[in-house]
1. Return the residue satisfying two criteria in turn: it lies in the stretch 37-74 and is part of a strand (DSSP E or B), under 12 Å from the mean Cα position of the chain (by Cα) and farther than 13 Å from residue 7 by Cα, and of such residues it is modelled with the lowest pLDDT.
2. Looking at 105, 120, 91, which one is modelled with pLDDT under 90 and closer than 27 Å to residue 34 by Cβ?
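The values are calculated or read from the model by the stated rules, or taken from the named source; none is laboratory data. Only a predicted model underlies this, so the values are computations on that prediction, with no experimental measurement involved. When we count neighbours, we look across all protein chains shown, and the Cβ atoms used for this are built from the backbone with ideal geometry, even at glycine.
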Amino acid sequence: MSRLGCKCGNALSNVNSPSENILYVWPEELIQKVTQSAADMSAFDFSTTIGDCDYEVWYCQNCERVAVVGVKERRVRAYYNRVESGETVPDVSGWKVFYEISEMDFDRIIEQNFEIKISDVAQNCLRLWLSPDQRQVCIETLEGTNQLIYILEEIVPVKAVL
């Protein structure tokens, strides 16, 4: 169980499971590889065996910041939500594609159908694109359009909490 402080002062926690602060984010190539090589893999099996990544993604309900905690690199990349009307959406070709779903939504889907395939869960995920320099994130809206939402705010070392 972990705790993370947000820049806005909100304390994020994953003590309760599912947590409203945890996002599952998987690279598109991982989802494609699994669906091609193990098409029958359940979403639960995927999440407990393959879907663990070298990072954790935390979401602040208060200010909508996203923190990506690099487990191996011991750094936190903090992204802030930038919504400006009339902003031109960048060309995301060449950007790395990910699938994202909240831990709460993932658990709800698994509870409804324990045998659901990861390919079916991926259809319920939002897609996001990470720029090559990892400074911008473009997220697909529920309407299916791309909108630049998050900009890298800071990179800080992970501090141990005792």
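1. Ranking the qualifying residues of the stretch 37-74, first place goes to 55.
2. Values: 105 fails: modelled with pLDDT under 90; 91 fails: closer than 27 Å to residue 34 by Cβ.
Result of the check over 105, 120, 91: 120.
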